[in-house]
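The values are calculated or read from the model by the stated rules, or taken from the named source; none is laboratory data. Everything quoted here is computed from the prediction, not taken from an experiment. As a convention, Cβ positions derive from the backbone with ideal geometry for all residues, glycine included, and neighbour counts pool all protein chains shown. The accessibility values were calculated without ligands, DNA or RNA, using every heavy atom of the protein model including side chains. Shrake-Rupley method; radii C 1.70, N 1.55, O 1.52, S 1.80 Å.
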Amino acid sequence: MDSTKVTGPEIKNPDVGTSLAVQWLRICFAIFFSFLNRNRLKASREVESVDLPNCHLIKGIEAGAEDIDILPNGLAFFSVGLKCPGLHSFAPDKPGGILMMDLNEENPRALELRISRGFNLASFNPHGISTFIDSDDTVYLFVVNHPEFKNTVEIFKFEEEENSLLHLKTIKHELLPSVNDVIAVGPEHFYATNDHYFSDPFLKYLETYLNLRWTNVVYYSPNEVKVVAEGFDSANGINISPDKKYIYVADILAHEIHVLEKHPNMNLTQLKVLKLDTLVDNLSIDPSSGDVLVGCHPNGQKLFVYDPKNPPSSEVLRIQDILSEKPTVTTVYANNGSVLQGSSVASVYDKKLLIGTLYHRALYCEL
Ligand SMILES: [Ca+2]
Ligand SMILES: [Ca+2]
């Protein structure tokens, strides 16, 4: 009968059925993973503006100030001009640098610090930074660097009278394959976050896509280098509590801030996890209160796929009493990208707030 002719080939040809099933499975997986990644990127989130009255954009910062660290005397360091494969840049051919601003001045300006001879300035690509003051008052600046998209941590000595940085040491290590940020705990000692497990761009993409959660925190010292915390989706900003007992780590794609207890052998154990509704980047500490300030990306899709007509937004959160059972989270600043795009860090000193961005400008506010 005619009907057997129609149904026959489908039954007799299992390859067609199998390939259809595989196709469907692929489509289902693609939808499933893109849904997962849309959620991880908060791709549909928009922000409501939270304005601050006394703010202006900082002159001389046009291509990102990914990280900012302020010394107790009010000198602020900016890491500027980060470039990463696949990430937008407004100055793709200009090397990065370190700027400094004296927040004690009435109208502070950002000045580029001179870097000692012998350091390769042409390939300088600074990312996360951290300052450390030694017992003899020497100030060290630790800088995550990506020369030719590789991963190093550079240690500089800050020479205030000359407005310059003296390069002391370049650190490369197999446990530092994709460094994002550092927190210095000694003149050659630091904790660092790896935002990926792999250093190869394709494998990086794959591990993020598959959400392997293989990223970690590493402790580095001249005598010992070890993984001290792992299992993060993408470990990013890192900082230390004012009493030096706890380490805070931002997991950007999991929208979490982890509080870890630091032990005498420098190992870390997890104390608690704070869940937020935004992509958390760098963390800084308000020295007057111990509050944690978080530079956030409300919508990761807009951040990673740059469209000037629909730019990434900015958001700064303040976390009070992070160790308590119910920390208070407030929005300090939020903007849809009309003023500031892609905030990655916020840092305060004496009622002055600095907000840096991944590849856009930086904001100075008087609170
Ligand atoms: Ca930092
Ligand atoms: Ca970061």
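Looking at the stretch 221-268, the strands (runs of 3 or more DSSP E) lying wholly inside it that each contain 3 or more residues that are open to solvent by less than 40 Å² (accessible area, probe 1.4 Å), touching a Leu at 6+ places or on another chain (Cβ under 8 Å) and within 23 Å of S343 (Cβ to Cβ) sit at 235-240, 246-251, 256-262. State whether one or more residues within the stretch 295-310 are within 16 Å of ligand 2 (Cβ to nearest atom), on the phi < 0 side of the Ramachandran plot, of a type in the set (A, V, I, L, M, F, W, C) and open to solvent by less than 30 Å² (accessible area, probe 1.4 Å). There is at least one residue in the stretch 295-310 that is within 16 Å of ligand 2 (Cβ to nearest atom), on the phi < 0 side of the Ramachandran plot, of a type in the set (A, V, I, L, M, F, W, C) and open to solvent by less than 30 Å² (accessible area, probe 1.4 Å). The number of residues in the stretch 108-127 being in contact with a strand residue (DSSP E or B) (Cβ under 8 Å, 6 or more places away or on another chain) and in a loop (DSSP other than H, G, I, E, B) comes to 10. Which ones in the stretch 178-200 are outside any strand (DSSP E or B) and away from ligand 2 (no atom under 16 Å from the Cβ)? Within the stretch 178-200, P187, E188, Y197, F198, S199, D200 qualify.
Kindly indicate whether D69 is within 30 Å of K302 (Cβ to Cβ), open to solvent by 10 Å² or more (accessible area, probe 1.4 Å) and within 16 Å of ligand 2 (Cβ to nearest atom). Before you say what the answer is, go through the steps one by one.
On the way: within 30 Å of K302 (Cβ to Cβ): yes; open to solvent by 10 Å² or more (accessible area, probe 1.4 Å): yes; within 16 Å of ligand 2 (Cβ to nearest atom): yes.
For D69, the condition - within 30 Å of K302 (Cβ to Cβ), open to solvent by 10 Å² or more (accessible area, probe 1.4 Å) and within 16 Å of ligand 2 (Cβ to nearest atom) - is met.
Could you tell me which of the residues S130, S178, S89 is under 23 Å from S234 (Cβ atoms), surrounded by 15 or more Cβ atoms within 10 Å (Cβ to Cβ) and out of contact with any strand residue (DSSP E or B) (no Cβ under 7 Å at 6 or more places or on another chain)? Break it down into steps so the answer makes sense when it comes.
On the way: S130 fails: out of contact with any strand residue (DSSP E or B) (no Cβ under 7 Å at 6 or more places or on another chain); S178 fails: out of contact with any strand residue (DSSP E or B) (no Cβ under 7 Å at 6 or more places or on another chain).
Matching residue, one of S130, S178, S89: S89.
Among residues belonging to the stretch 273-294 that are among the β-branched types (V, I, T) and within 16 Å of ligand 1 (Cβ to nearest atom), point out the one that is most open to solvent (accessible area, probe 1.4 Å). Going through the qualifying residues, I end up with I285. So, in the stretch 92-107, of the ones that are in a loop (DSSP other than H, G, I, E, B) and touching a strand residue (DSSP E or B) at 6+ places or on another chain (Cβ under 7 Å), which residue ends up nearest to ligand 1 (Cβ to nearest atom)? If we take residues in the stretch 92-107 being in a loop (DSSP other than H, G, I, E, B) and touching a strand residue (DSSP E or B) at 6+ places or on another chain (Cβ under 7 Å), then G96 is nearest to ligand 1 (Cβ to nearest atom). Quickly run through the stretch 140-175 and pick out the residues that are open to solvent by 10 Å² or more (accessible area, probe 1.4 Å) and either within 15 Å of ligand 1 (Cβ to nearest atom) or within 22 Å of D200 (Cβ to Cβ) (or both). Answer for the stretch 140-175, where residues must be open to solvent by 10 Å² or more (accessible area, probe 1.4 Å) and either within 15 Å of ligand 1 (Cβ to nearest atom) or within 22 Å of D200 (Cβ to Cβ) (or both): Y140, H146, P147, E148, F149, K150, N151, T170, K172, H173, E174, L175.
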